[in-house]
Amino acid sequence: FEAGAIMANTPSSLCAVARRLFTDGPLVLRMLQHWRPMIAPFGTLIDQVPTGSSILDVGCGGGLFLILLAAEGRIARGLGFDANASAIDLANGAAAHLADTPVTFECRPVQSPWPDASFDVVSVIDLLHHIPSAVRPCVGRDAAARVRPGGLLLLKDMTERPIWRVAANVLHDLVVARQWVSFPKRGDMLAWGAAEGLHLVRERIDNMWWYGHRLLVFRKPEEGEQR
């Protein structure tokens, strides 16, 4: 699969790429990657990543975000990690189908030591609602610490309103992840970024079917730049 093969970041085109690359591993995990762009705004997320970036994807799951970025030829290198060994195996299997793949995946819990490196972009996508609320500020702090000066932190999770969308999202995770979840509050996410000296540069909500998605994009000031 040659980089740059995605012609447009539409849900259908991203699903087609996922179907071509995720061909091995458990059927249910593969199907989740194949169809996830129909219910989550991966086109929007891809657009936030500057061309040629290095990126760390925290709680990467099956690696869909990094795989799509690499397939588009947008990133110089990417590292993803997740606690789910089966998901990491799936991600590495998909990466093997990429020509000159710039992405690697590691199995490690979010509470364990993170990779000791800095990146142009750090992404935390749909992870926060799966971890205890007491751990979330630590994840925000650790993610911010790995953003290079001038780089970006992407925090994407589900909206905490309206209540019917929240109920739909909770039901989704009960069925798919077999987990009762709670969603991070916007104010808390803003506070984590501010506490680490990052500035909010972009915010948007994408509603896809009955799912509500909130994206916050923070920028770390350059060295010597006024905070």
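The values are calculated or read from the model by the stated rules, or taken from the named source; none is laboratory data. Predicted model, so just to flag it, every value in this text is computed and none were measured. Because the Cβ atoms are built from the backbone with ideal geometry, glycine has one as well, and the counts that use them run over all protein chains shown. For accessibility, only protein heavy atoms count, side chains too; no ligands or nucleic acids. Shrake-Rupley method; radii C 1.70, N 1.55, O 1.52, S 1.80 Å.
Can you confirm whether Ala99 is in contact (Cβ under 8 Å) with a residue 60 or more places away in the chain, in contact with a strand residue (DSSP E or B) (Cβ under 8 Å, 6 or more places away or on another chain) and assigned to a loop (DSSP other than H, G, I, E, B)? So Ala99 fails the test. Take the conditions (1) assigned to a helix (DSSP H, G or I); (2) among the hydrophobic types (A, V, I, L, M, F, W, C); (3) surrounded by fewer than 18 Cβ atoms within 10 Å (Cβ to Cβ); Ala134 misses just one of them, which is (1). The residues of the range 102-114 that are among the hydrophobic types (A, V, I, L, M, F, W, C) and outside any loop (DSSP other than H, G, I, E, B), listed by number, are Val103, Phe105, Cys107. Any residue in the range 118-125 that is touching a strand residue (DSSP E or B) at 6+ places or on another chain (Cβ under 8 Å), in contact (Cβ under 8 Å) with a residue 12 or more places away in the chain and surrounded by fewer than 13 Cβ atoms within 10 Å (Cβ to Cβ)? No, that holds for no residue. If the condition is being open to solvent by less than 60 Å² (accessible area, probe 1.4 Å) and in a loop (DSSP other than H, G, I, E, B), then the range 196-222 contributes Gly197, Leu198, Lys220, Pro221. Evaluating Gly193 against the criteria (1) open to solvent by less than 70 Å² (accessible area, probe 1.4 Å); (2) over 21 Å from Val135 (Cβ atoms) leaves one unmet condition, (2). Listed by first and then second residue, the pairs with beta-carbon distance under 9 Å, at least 6 apart or on different chains, first residue in the range 10-32 and free of Cβ contacts under 8 Å to residues at least 12 places away in the same chain and over 13 Å from Gly63 (Cα atoms), second open to solvent by 60 Å² or more (accessible area, probe 1.4 Å) and not in a helix (DSSP H, G or I), are Ser13/Met7.
May I ask you to verify whether Asn169 is open to solvent by 50 Å² or more (accessible area, probe 1.4 Å), in contact (Cβ under 8 Å) with a residue 40 or more places away in the chain, among the polar types (S, T, N, Q) and within 22 Å of Met38 (Cβ to Cβ)? It is false that Asn169 is open to solvent by 50 Å² or more (accessible area, probe 1.4 Å), in contact (Cβ under 8 Å) with a residue 40 or more places away in the chain, among the polar types (S, T, N, Q) and within 22 Å of Met38 (Cβ to Cβ). Taken as a whole, the condition of being touching a Phe, Trp or Tyr at 6+ places or on another chain (Cβ under 7 Å) and open to solvent by less than 20 Å² (accessible area, probe 1.4 Å) applies to Ala94. Taking the listed residues Ser112, Ser86, Ser182, Ser118, the one that is small (Gly, Ala, Ser) and closer than 27 Å to Glu222 by Cβ is Ser118, with no other qualifying.
For the range 54-87, a residue qualifies if it is crowded, with 22+ Cβ neighbours inside 10 Å and in a helix (DSSP H, G or I), and the qualifying residues are Leu64, Phe65, Leu66, Ile67, Leu68, Leu69, Ala70, Ala71, Ala87.
Hey, does the range 173-184 have a residue that's surrounded by 12 or more Cβ atoms within 10 Å (Cβ to Cβ), in a helix (DSSP H, G or I) and in contact (Cβ under 8 Å) with a residue 40 or more places away in the chain? Yes, because at least one residue in the range 173-184 is surrounded by 12 or more Cβ atoms within 10 Å (Cβ to Cβ), in a helix (DSSP H, G or I) and in contact (Cβ under 8 Å) with a residue 40 or more places away in the chain. Residues that are open to solvent by 30 Å² or more (accessible area, probe 1.4 Å) and either closer than 28 Å to Phe119 by Cα or among the aliphatic types (A, V, I, L, M) (or both) within the range 31-53 comprise Met31, Leu32, Arg36, Met38, Ile39, Asp47, Pro50, Thr51, Gly52, listed in sequence order.
Quick check on my filter: what residues within the range 143-176 are more than 16 Å from the chain's Cα centre (by Cα) and under 30 Å from Glu222 (Cβ atoms)?
We begin by selecting, within the range 143-176, every residue more than 16 Å from the chain's Cα centre (by Cα); these are 145, 148-150, 160-176.
Of everything in the range 143-176, those that are more than 16 Å from the chain's Cα centre (by Cα) and under 30 Å from Glu222 (Cβ atoms) turn out to be Ala145, Arg148, Pro149, Gly150.
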